[in-house]
1. Within the chain, what is the number of lysine pairs with alpha carbons under 18 Å apart, leaving out pairs fewer than eight places apart on the same chain?
2. Expressed as a whole number of Å, what is the distance separating the alpha-carbon centroids of region 36-96 and region 115-164?
3. Considering only G29, G92, G75, give the residue with the highest GNM mean-square fluctuation for the chain, with springs between Cα atoms whenever their separation is below 10 Å.
4. Residues with beta-carbon under 9 Å from that of I138, excluding I138: net charge, scoring Lys, Arg +1 and Asp, Glu -1?
5. In the Gaussian network model of the chain, springs joining C-alpha atoms below 10 Å, which of P72, P60, P144 carries the largest mean-square fluctuation?
6. Ignoring everything except DSSP H segments at least 4 long, calculate the 222 nm mean residue ellipticity for the chain; use -39,500 (n - 2.57) per segment, divide by total residues, nearest 500.
7. Could you work out which residue, out of S129, S87, S19, moves most in a Gaussian network model of the chain, that is, has the largest mean-square fluctuation with Cα springs under 10 Å?
8. If Lys and Arg each add +1 and Asp and Glu each add -1, what is the summed charge of the other residues whose beta carbon sits under 14 Å from the beta carbon of L107?
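Quick note: the coordinates plus some simple rules give every number you see, no bench work behind them. Please read these numbers as outputs of a predicted model, since none were measured by experiment. All Cβ positions, even for glycine, are placed from backbone atoms using ideal geometry, and neighbour counts span all protein chains on display.
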Amino acid sequence: MPTEWALEVMRKAPYITVSFTRPDGTAYGVPLSLASADGEVWYFHCALEGDKLDTIAVHPEVCLSAVTQCKPTVGPKDGSFTLQYRSAIAFGRAELVTDEAEKILALRLISERFLPRHMDAFEDAIRRSLHRTAVVRITLTAAPTGKRKQYDKNGEEMKYGRME
């Protein structure tokens, strides 16, 4: 699927799993609430210390994986047990945000994405918690790619970028 389609999956996913490589070389993946203004730079927030920050200090390369519209189904034509889904994957480089203005911008993006009806409380929340909140920037190193399995109204699998 095209890049813009994959970005839309990432924008709509309830969370994005970010996969890291720990300092000892073991894998570490965690679902996080990410937001982006432009689709190239993504942000998440976390505690001021812990696995995520320890990990990106040594291995900043990350993989993002998002899934939406995941629905177990029976194949309409052959009765196979399958899954309809939309997914996207992207690779990037993570780094701790140190600039206070960028931290606030990132937290605003995250809040607007997940709590848009409560933005009237944003400034108070920033005053209370900015000093104890870390923000991580992930800059994509390549355009995201997308994949899906979906059937049309006639039971035909929509392949090769077919959008109807």
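1. Close lysine pairs found across the chain: 13.
2. When both Cα centres are located, 9 Å separates them.
3. Greatest mean-square fluctuation among the candidates belongs to G75.
4. On the way: positive: R93, R137; negative: E95.
Neighbour charge sum, excluding I138 itself: +1.
5. Looking only at P72, P60, P144, the largest GNM fluctuation is found for P72.
6. Values: 4 runs with 41 residues, N = 164.
-7500 deg cm²/dmol, from helical runs alone.
7. Highest fluctuation among the options: S129.
8. Details: positive: K103, R108, R113, R127, R128, R132, R137; negative: D99, E100, E102, E112, E123, D124.
Counting the neighbours of L107, the net charge comes to +1.
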